[in-house]
Amino acid sequence: MTRTASPIDAPAAAGDATSGKVKPLRIGIAGLGTVGCGVLELLDGNADLVAARAARPIAVAAVSARDRHRQRRVDVGAFPWRDNPLDLADPGAVHVVVELIGGADGPALALARATLARGLCFVTANKALIAHHGAELALLAERGGAALRFEAAVAGGIPIVKTLKEGLAANRIDRLHGILNGTANFILTRMEETGARFADALAEAQQKGYAEADPSFDIDGIDSAHKTAILASLAFGTPPDMTALSIEGVRHVTDVDIAYARELGYRIRLLGIARREGARLDQRVHACLVEEGEALAKVRGAANAIEVHGNFAGPTMIEGLGAGAGPTASAVVADLIEIARGNRTSTFSLPAGALRPLEAVPAAERRGRFYVRLRVVDRIGVMADIAAGLRDGGVSVERLIQRGGAEPDSVHLILTTHETSEGAMDNVLARFRAIDAVLDEPLMLRIEPI
């Protein structure tokens, strides 16, 4: 294949960036929603700064979106329009295509493949695309000598991709964990602050624009799982693999759990976790209890935060805004500046051909401590049945709280365990479900050491 000259082939001298003597980096933008308009605003408002740091101007050569006539906060009439986003991937018109459409498949994937196959660079904020197709697209980019960049796909304005690929490149990463979804974190911290029920905190998040009308991806852990898969690939040299993750969300967390967690000295957070255990990799997303003194327990509102443990650097934590027009646009344009400078790095921390899958740690073998909430009939003998379930399942209780429930003639039993396996806990929960005095589905949350 004959490859059209890429902007990374001939970086300009920094002193020429604003003199008009260098050719601009020409970009096409697909998707003109919140983030797309944010990119246009940033490129306009910070044009001189961006040109100086990129060593050349960055110019929008064409745009595309589903509805040309939709009312937007940015006037897009000055830019050449393409009804079909695939038409942006034109080597004669652009050097880079910026994909802000969204979705793991469909137009976004077709545009990525077309762009990279033509030797053009590709920048995306699409976490689902990279989590599901990142390895394929990275190989396509490297074969064509193009850059594939996705800083904006994980945690918005937090430069975690660059941190893992470059800042911590000399370290063997042992584990990482983080708050990767601002919607879920907003809901959980509002429940802490106000005592609100989950549904009310979710409604407030939607009213403030933190949650979509259909919040499933956020509150069921899918959004965090996409980001965890990408971070695990960067940290451990594996292809992103959504099938390797255990995924739970926060939909089942109640104000009762928030209150009891606080009483026990914890906060509940939705965490994405990736940990290497020998030749195996443990990847998971779930709501868990974090000790109230830990830094992640103090991250509030719609913020994101990620902590990475390197074998020489030790723990490194980065916190910031994980979504929104400004933070995400900032990450997109940072990738464009890197491309304009001619900086060459692999898509992930290793070349695509060197990525190797690791065996997943089976969920039943994971070990830790657990929190369990039960609502049971308030009668003699129930505690003996609960104790028998724990005994027969081989699980030891560290702490037990019994309080009256919201419903008459019922009580809440809250227990935390000593270290055990997740398989043993599943066995115990099955025994609890078989007790006729247990009124609701038992809730289990992990107590996560940070």
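The values are calculated or read from the model by the stated rules, or taken from the named source; none is laboratory data. Quick caveat: nothing in here was measured; it's all calculated off a predicted structure. Glycine gets a Cβ as well: all are built from the backbone with ideal geometry, and neighbour counts include every protein chain shown.
Of all residues in the range 185-210, how many are surrounded by 24 or more Cβ atoms within 10 Å (Cβ to Cβ) and assigned to a loop (DSSP other than H, G, I, E, B)? Going through the range 185-210 one residue at a time, the tally reaches 0. Residue check: Ala114 meets all listed conditions (1) surrounded by fewer than 24 Cβ atoms within 10 Å (Cβ to Cβ); (2) assigned to a loop (DSSP other than H, G, I, E, B); (3) not assigned by TED's automatic domain parsing to the domain that holds Thr254 but one, namely (2).
Check the range 233-243 and report whether any residue there is of a type in the set (D, E, K, R) and outside any strand (DSSP E or B). Checked the range 233-243: at least one residue is of a type in the set (D, E, K, R) and outside any strand (DSSP E or B). State all residues of the range 241-295 that are under 22 Å from the mean Cα position of the chain (by Cα), of a type in the set (A, V, I, L, M) and more than 26 Å from Leu415 (Cα to Cα); if no residue qualifies, say none. Met242, Ala244, Leu245, Ala274, Leu281 - these are the residues of the range 241-295 that are under 22 Å from the mean Cα position of the chain (by Cα), of a type in the set (A, V, I, L, M) and more than 26 Å from Leu415 (Cα to Cα). Taking the criterion of being closer than 18 Å to Ile130 by Cα, under 17 Å from the mean Cα position of the chain (by Cα) and in a loop (DSSP other than H, G, I, E, B), the residues of the range 318-366 that qualify are Gly322, Ala323, Phe348. Residues that are touching a Pro at 6+ places or on another chain (Cβ under 7 Å), on the phi < 0 side of the Ramachandran plot, assigned by TED's automatic domain parsing to the domain that holds Lys23 and among the charged types (D, E, K, R) are absent from the range 120-135 altogether. Of the residues making up the range 62-82, those that are modelled with pLDDT under 95 and either farther than 24 Å from Ile337 by Cα or not hydrophobic (A, V, I, L, M, F, W, C) (or both) are Arg66, Asp67, Arg68, His69, Arg70, Gln71, Arg72, Arg73, Asp75, Gly77. Criterion first (of a type in the set (Val, Ile, Thr), over 31 Å from the mean Cα position of the chain (by Cα), crowded, with 20+ Cβ neighbours inside 10 Å and not assigned by TED's automatic domain parsing to the domain that holds Val256) does Val438 satisfy it? When the stated conditions are applied, Val438 passes them. On the given criteria, is Leu374 modelled with pLDDT of 95 or more and assigned to a helix (DSSP H, G or I)? Criteria not met by Leu374. When you look at Val290, is it outside the structural domain of Ala211 (by TED's automatic domain parsing), assigned to a strand (DSSP E or B) and touching a residue at least 24 places away in the same chain (Cβ under 8 Å), yes or no? Taking the combined requirement at face value, the residue does not satisfy it. For beta carbons closer than 8 Å, sequence separation of 6+ or different chains, a first residue in the range 254-266 that is within 22 Å of Ala295 (Cβ to Cβ) and assigned by TED's automatic domain parsing to the domain that holds Arg190 and a second that is of a type in the set (Lys, Arg) and exposed (fewer than 14 other Cβ atoms within 10 Å of the Cβ), the qualifying pairs are Leu264/Arg399. One residue stands out among those in the range 410-419 that are assigned to a strand (DSSP E or B) and out of contact with any Phe, Trp or Tyr (no Cβ under 7 Å at 6 or more places or on another chain): the one that is nearest to Arg366 (Cα to Cα), which is Leu415. Based on what the data block shows, is Gly156 at pLDDT below 95 and of a type outside the set (Asp, Glu)? Yes: the conditions hold for Gly156.
Taking the range 211-263 as the range and being under 30 Å from Glu407 (Cα atoms) and of a type in the set (S, T, N, Q) as the test, the residues that pass are Ser216, Thr254. Scanning the range 158-184 for residues that are assigned to a loop (DSSP other than H, G, I, E, B) and either closer than 14 Å to Met317 by Cα or among the polar types (S, T, N, Q) (or both) yields a count of 6.
The rows are residues; the columns are (1) assigned to a loop (DSSP other than H, G, I, E, B); (2) touching a helix residue (DSSP H, G or I) at 6+ places or on another chain (Cβ under 8 Å).
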position	(1), (2)
Arg379	yes, no
Ala387	no, no
Arg391	no, no
Leu400	no, no
Arg403	no, no
Pro408	yes, no
Gly423	no, yes
Phe432	no, yes
Met444	no, yes
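Listed conditions (1) farther than 30 Å from Ile173 by Cα; (2) among the charged types (D, E, K, R); (3) buried (at least 17 other Cβ atoms within 10 Å of the Cβ); (4) in contact with a helix residue (DSSP H, G or I) (Cβ under 7 Å, 6 or more places away or on another chain) are all met by Arg366, apart from (1).
Only one of the listed residues (Leu234, Leu271) is of a type outside the set (Asp, Glu) and in contact with a strand residue (DSSP E or B) (Cβ under 8 Å, 6 or more places away or on another chain). That residue is Leu271.
Conditions (1) assigned to a strand (DSSP E or B); (2) buried (at least 21 other Cβ atoms within 10 Å of the Cβ); (3) in contact (Cβ under 8 Å) with a residue 40 or more places away in the chain, marked per residue:
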site: Ile29; (1), (2), (3): yes, yes, yes
site: Asp48; (1), (2), (3): no, no, no
site: Val60; (1), (2), (3): yes, no, no
site: Arg70; (1), (2), (3): no, no, no
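Total residues in the range 93-134 satisfying the condition of being without any contact (Cβ under 8 Å) to a residue 40 or more places away in the chain, more than 17 Å from Lys227 (Cα to Cα) and not hydrophobic (A, V, I, L, M, F, W, C): the figure is 3.
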